[in-house]
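As structure tokens, the structure follows; a few thoughts come after it.
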Amino acid sequence: MVVVLLLSASVVRAQDDCTIEINNIFDPRPDFAQFEIKITRESERWDKWANGSFRLEARDSDQDTLVLLDPTKHILTYVAGSSVLTLGPYNPAAMNDYYIQAQIVDGRITVVIHGPDSVGNAWRALTSNQAYLLGQFQLRTNDGSDMPKQIAVSALSPRFQANAFKMDHDSVTGTGTERNVWYATHDNVEMGTTYTYTYAESPCDSLQVLSFNGVYVGDLTVALDFTAECELGTAGYIIERALVRRSEPDLVFEGRPNLTYVNNPALVACATCIGARSYVGLLDDVQYRRMEYAYRLMSVKQRTGEITIHDTIFVRIPNAIISNAVILENPFSDKTQIRFNADDRISITGMVYDLGGRLIGYMTDENGAPIIDKEYPLGAGYLANFSTPAMASQGLYNMVLVAKPINDKTVEDMSRVIIKAQLIK
């Protein structure tokens, strides 16, 4: 944060009476800017503040170039309730409270704070070396165009900067014919003032993608999610897809209609957000099993349309739709189980054959029902049970699980697991 000091030339004193701070407040909205005016008592010469006028100017983001404001385009308002002062209506005949007048004049900002006539109604700065808020102000454009973000003290002319305190007693020197009344009670006395201003710096530099993930969830569907932070000025995100082919080393990415912020509100960025935000539930339908797909995440700038590529991930569509099948008891005497994973939403039939190919029986599920074209969602740790029938003799048996994906029951996509089990009687 840059702090610039400007010394007032209106009053020459060994020590300044107060400091006026113009602090820029970071506003992530491109068409808004905010600033505040604070006062700090630096001397014991006063504690009742009278009034002040402040001439400010807008500058570009580099803080070097003056930007003239247009009152037909730029709107300046006081933020209600922000001041320590007691505010009331403007009444030049009898002012009992303070009145804040903020306007754009000759391309610059003028803030005039009118004060009460009586010292008894004047605001008191109880503590020295403490900054008190005289007011917070907001600038915006009425056409949505960019607003200059930096407000500084204008060096146009010292006469535009004025700051005074209230006398709470008569200031008299000498007696008789040499008696001089310098100030009377209720007079406004100009103060020696130091003017400072601070520039508002963005709390983050640029958009960061903290994570980008993809996982196959079955039914030829890939679920994508990512987390991003510092989305200032970002319009939204686009995710493109490419089929990974060994014969083609270069990936050819293509857009997906439901994976662009133009069509999918879930991919619209929060253009004023600084903290991390997660984007989840992004689904993409793929065409082929036993293949790998690449996904790349891109962001689009709000004002310029500039596209930035952030990350590329790869998602493998499973080859086998039954995996990790293992018999839990082998050899077995009266019953055993096969534990398996379903890599997709599948229909399974579980059978047991002797070595001659004769069907001995069907495996059963957790409810004891035969596993015949039973549907299983994508998951792990499923159990297929087999209880030895009375007619079965000791020897080797083939325990067979046959599965087909629910959404594609072609022979090519059939998955078969055969486990040899030893029955002992």
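The values are calculated or read from the model by the stated rules, or taken from the named source; none is laboratory data. Note that this is a predicted model, so its numbers are computed, not measured. Don't worry about glycine lacking a Cβ; one is built from the backbone with ideal geometry, like all the others, and counts go over all protein chains shown.
Below are the figures for this structure:
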| read-out | value |
| --- | --- |
| Residue 205 vs. criteria part of a loop (DSSP other than H, G, I, E, B), free of Cβ contacts under 8 Å to residues at least 24 places away in the same chain and either among the small types (Gly, Ala, Ser) or at negative phi (or both) | no |
| Residue that is surrounded by fewer than 17 Cβ atoms within 10 Å (Cβ to Cβ), of a type in the set (D, E, K, R) and at negative phi, where the choices are 106, 60 | 60 |
| Of residues in segment 286-304 being under 22 Å from residue 31 (Cβ atoms) and in contact (Cβ under 8 Å) with a residue 24 or more places away in the chain, the one surrounded by the fewest Cβ atoms within 10 Å (Cβ to Cβ) | 303 |
| Unique residue being closer than 30 Å to residue 284 by Cβ, assigned to a strand (DSSP E or B), in contact (Cβ under 8 Å) with a residue 12 or more places away in the chain and not assigned by TED's automatic domain parsing to the domain that holds residue 223 when the list is 348, 338 | 348 |
| Hits in segment 59-73 (condition: within 27 Å of the chain's Cα centre (by Cα) and in a strand (DSSP E or B)) | 59 |
| Counted residues, segment 79-124 - those being assigned to a loop (DSSP other than H, G, I, E, B), among the aliphatic types (A, V, I, L, M), closer than 22 Å to residue 189 by Cβ and within 39 Å of the chain's Cα centre (by Cα) | 2 |
| Residue in segment 67-82 that is farther than 30 Å from residue 271 by Cα, modelled with pLDDT of 90 or more and buried (at least 17 other Cβ atoms within 10 Å of the Cβ) present | no |
| Residues located in segment 376-390, provided they are over 54 Å from the mean Cα position of the chain (by Cα) and touching a residue at least 24 places away in the same chain (Cβ under 8 Å) | 386, 387, 388, 389 |
| Matching option when the condition is outside the structural domain of residue 404 (by TED's automatic domain parsing), modelled with pLDDT under 95 and within 25 Å of the chain's Cα centre (by Cα), among 307, 274, 239 | 274 |
| Residues being without any contact (Cβ under 8 Å) to a residue 60 or more places away in the chain and farther than 21 Å from residue 150 by Cα - total across segment 84-117 | 18 |
| Elements of type strands (runs of 3 or more DSSP E) contained in segment 212-285, each with 2 or more residues being surrounded by 13 or more Cβ atoms within 10 Å (Cβ to Cβ), among the aliphatic types (A, V, I, L, M) and without any contact (Cβ under 8 Å) to a residue 60 or more places away in the chain | 234-244 |
